[in-house]
Amino acid sequence: MNFKKPQAVRIVIADDHPIFRDGLRRLLEAEPNLKVLGEASDGAEAVKMVRQLKPDILLLDLAMPKHPGLEALRDLGTGVSSTPVRVILLTAAAEKSQIVEALQLGARGVVLKDSATQLLLKAIQTVMSGEYWVGRESVSNLVQYLRTLVQSSSDEARQRKFGLTPRELEIVSAVVAGYSNKEVAEYFKISEDTVKHHLSNIFDKLGVSTRLELALFAVNQSLPLKSIV
């Protein structure tokens, strides 16, 4: 009886560090069921290689200087030549918002670069079986997982105060509500000079230079603002 040998999983590696790529290739090729088809040094090259070689898996570095991982993911998912490849992002550290975006763009996995080799191999196996892999575990219900991630990243943003004191946050709230320095001073029963002093500290801490920039920053970063009546 002829038993068919299982087909090797075909992989492309994309990372801008040659030493890391070389080490990863050796680790993967030591496995009998994995085959590395090629290596790319940036996202654009990775997209081109995937379209030419049609691998099963693309191991894609998130932080590449010329064409980052998320850009490459976008490219792979758009246009007539959108390519059916399972993408696993490799990252030194991923923010929750980046993981959410990557999964929404079609990534099947996110693996931290400091993970043990066995975890990467497990991630490849999990993704090939149709599930997702994030961090150190497999994810079977992606929708539920994304919902939790989105919730926790917005909670974190709300808790981030960028070193602002409670009074400074009150003043930011008043500025966002459109109050002038004079109105802020009257509202909080402090002098206009004190308001200016607070604003100067706030601008320094947040790296903004105008009231408009401050208002935009507060909204974009979901600062925990108070309701000013």
request  = Would you be able to say whether some residue in the range 150-160 is at pLDDT below 80, closer than 24 Å to M64 by Cα and within 13 Å of the chain's Cα centre (by Cα)?
outcome  = yes
key: Odd one out for S180 among (1) within 24 Å of the chain's Cα centre (by Cα); (2) at pLDDT 80 or above; (3) polar (S, T, N, Q)   = (1)
Single match in T165, T148 (criterion: surrounded by fewer than 16 Cβ atoms within 10 Å (Cβ to Cβ) and closer than 30 Å to D61 by Cα) = T148
note = Among helices (runs of 4 or more DSSP H) entirely inside the range 1-114, those with 2 or more residues being modelled with pLDDT under 95, surrounded by fewer than 22 Cβ atoms within 10 Å (Cβ to Cβ) and in contact with a Phe, Trp or Tyr (Cβ under 7 Å, 6 or more places away or on another chain) are none
query = Yes or no: L120 farther than 23 Å from R147 by Cβ and either outside any helix (DSSP H, G or I) or among the small types (G, A, S) (or both)?
reply = no
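For (1) among the small types (G, A, S); (2) in contact with a Phe, Trp or Tyr (Cβ under 8 Å, 6 or more places away or on another chain); (3) surrounded by 15 or more Cβ atoms within 10 Å (Cβ to Cβ); (4) touching a residue at least 60 places away in the same chain (Cβ under 8 Å), each residue gets a yes or a no:
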residue: Y187; (1), (2), (3), (4): no, yes, yes, no
residue: S191; (1), (2), (3), (4): yes, no, no, no
residue: T194; (1), (2), (3), (4): no, no, yes, no
residue: H198; (1), (2), (3), (4): no, no, yes, no
residue: V208; (1), (2), (3), (4): no, yes, yes, no
residue: L212; (1), (2), (3), (4): no, no, no, no
residue: F217; (1), (2), (3), (4): no, no, yes, no
residue: L225; (1), (2), (3), (4): no, no, yes, no
note = Checked against (1) surrounded by 12 or more Cβ atoms within 10 Å (Cβ to Cβ); (2) within 26 Å of V47 (Cβ to Cβ), S129 satisfies every condition except (1)
ask   = Conditions: (1) out of contact with any helix residue (DSSP H, G or I) (no Cβ under 7 Å at 6 or more places or on another chain); (2) among the hydrophobic types (A, V, I, L, M, F, W, C); (3) in a helix (DSSP H, G or I); (4) over 30 Å from V9 (Cα atoms). V143 meets all but one. Number of the miss?
value = (4)
task = With the condition kept exactly as written, say whether any residue in the range 188-207 is assigned to a loop (DSSP other than H, G, I, E, B) and either under 14 Å from G163 (Cα atoms) or modelled with pLDDT under 90 (or both).
result = yes
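The values are calculated or read from the model by the stated rules, or taken from the named source; none is laboratory data. Since the model is a prediction, treat every value here as computed from it, not as a measurement. When we count neighbours, we look across all protein chains shown, and the Cβ atoms used for this are built from the backbone with ideal geometry, even at glycine.
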